[in-house]
């Protein structure tokens, strides 16, 4: 399940993607327009900065902007940065694999196989969807067809 932290991070990044390149947006403005608690948003933006998604400038005229073009930042990258692996089970994860302690035979485990398909389907959509794809509330028709 998508955490509130990841959801807020995506909201903030989508708002920054709508701004002109290198236009700095104040934390307060993001918090108000996206209905995100300011203190929580500040922590999220620091983490996004640490992962190279945003640039910040302090002081008068300061704020946040995307650190790279919106068409190079995918939903999958952001969610992994905020929440970790996409897989619903550690044994189905590509980036955070861990064997389940209660699994007798991982190769024949039906639950693992299904959860791996779920992970792969999610990754396929999230890793192909960029901030530019959804800028201004627009969603590509191909993406909608994939989800439907």
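For the range 4-66, just say rounded, prolate or oblate: build the C-alpha gyration tensor, square-root its eigenvalues into a ≥ b ≥ c, call rounded for a/c under 1.5, and beyond that prolate if a/b exceeds b/c, oblate if not. It is rounded, given that a/c, with a ≥ b ≥ c, falls under 1.5.
Its relative contact order, with pairs defined as Cα atoms under 8 Å and 6+ residues apart, puts the chain at 25 percent.
Counting every C-alpha pair in the chain, the share spaced more than 21 angstrom apart comes to 49%.
Throughout, read-outs are computed from the coordinates displayed, never taken from laboratory work. Bear in mind that the values here come from a model prediction, so they are computed numbers and not experimental data.
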